[in-house]
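Below you'll find the structure, written out as structure tokens, and then a few comments.
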Amino acid sequence: MAALLLLAGCGGSRVVSDTPSTAYSPLEFSAAAGGRDLATEVVGNPFGMDQVAFGNSVTDLMQNQHFGPATRFTTTPGDSADPRYKVVLVFNPAENVPNPQICGGRPIATDTRPGQPIRLQAAFCRGGTLTSTNGWAPALSSPQDPAFRSLISDATFSLFPVRDPNDGGDECRLAGC
């Protein structure tokens with residue numbers, strides 16, 4: 001039974017969040033993306049499908065997967081989008097990509113061979129990186145796979161933390177920091 005539980009645990013996705021930059025604020029995210037489009041760049045494609053269709057699949061899975069105001073993640077933002085902000089998701093980067101490069105707008109090499117385990121590096125950007133996260137999932141057959149859905153959902157929640165990194169927390173308020 002223990003071996004089955006161990007194997008079951010290996011089949012899902014994992015997301016690890018980096019510490020948000022002190023430049024990040026949940027209030028800024030609300031002002032930048034609340035009730036509007038948020039430009040979302042999808043780099044790489046672990047399924048070998050049409051890139052536009054893959055991008056749409058990813059952004060569809062991101063909808064309502066964060067705390068805060070309604071935001072429309074889209075690869076084709078309209079006039080409501082604030083051009084200073086974007087989300088970048090890099091699937092199967094050929095090498096680890098430094099966060100500034102993710103937000104920098106330069107091409108990022110990826111491994112697009114289908115059937116590989118999925119690695120994800122993602123960032124919420126305003127010029128530089130405000131938040132970032134990394135994720136992993138085993139090789140999957142489609143964006144509809146529950147493990148892929150979980151990867152995108154968890155990564156989206158991770159990119160937009162509720163806690164402000166500049167807030168000392170309750171213990172600071174209680175101690176009078």
So residue 106 passes all but one of these: (1) within 15 Å of the chain's Cα centre (by Cα); (2) open to solvent by 50 Å² or more (accessible area, probe 1.4 Å); (3) among the basic types (Lys, Arg). Which condition number does it fail? (1)
Residue 74 passes all but one of the listed conditions (1) over 20 Å from residue 17 (Cα atoms); (2) open to solvent by 40 Å² or more (accessible area, probe 1.4 Å); the exception is number (2)
Report yes if residue 95 is of a type outside the set (Ser, Thr, Tyr) and at pLDDT below 95, otherwise no. yes
Among residues of segment 97-132, those that are within 27 Å of residue 25 (Cβ to Cβ) and not aliphatic (A, V, I, L, M), counted: 17
Of all residues being among the small types (Gly, Ala, Ser), over 23 Å from residue 116 (Cβ atoms) and touching a residue at least 60 places away in the same chain (Cβ under 8 Å) in segment 18-56, which is surrounded by the most Cβ atoms within 10 Å (Cβ to Cβ)? Just the residue, please. 32
Taking residue 16 as meeting all but one of (1) of a type outside the set (D, E, K, R); (2) out of contact with any Pro (no Cβ under 8 Å at 6 or more places or on another chain); (3) part of a loop (DSSP other than H, G, I, E, B), write down the number of the exception. (3)
Which ones in segment 112-164 are part of a strand (DSSP E or B), open to solvent by less than 10 Å² (accessible area, probe 1.4 Å) and closer than 20 Å to residue 85 by Cα? 120, 122, 123, 124, 125, 130, 131, 132, 133
Write out, first by first residue and then by second, each pair whose Cβ atoms fall under 6 Å of each other, whose residues are 6+ apart or on separate chains, and whose first residue, in segment 124-147, is more than 16 Å from residue 58 (Cα to Cα) while the second is part of a strand (DSSP E or B). 125/86; 129/123; 130/124; 131/124; 132/123
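The values are calculated or read from the model by the stated rules, or taken from the named source; none is laboratory data. Please read all numbers here as calculations on a predicted model, not as lab measurements. So basically every Cβ, Gly included, is an ideal-geometry build from the backbone, and we count neighbours across all protein chains shown. Heads up: the accessible areas ignore ligands, DNA and RNA and are worked out on the full protein's heavy atoms, side chains in. Shrake-Rupley method; radii C 1.70, N 1.55, O 1.52, S 1.80 Å.
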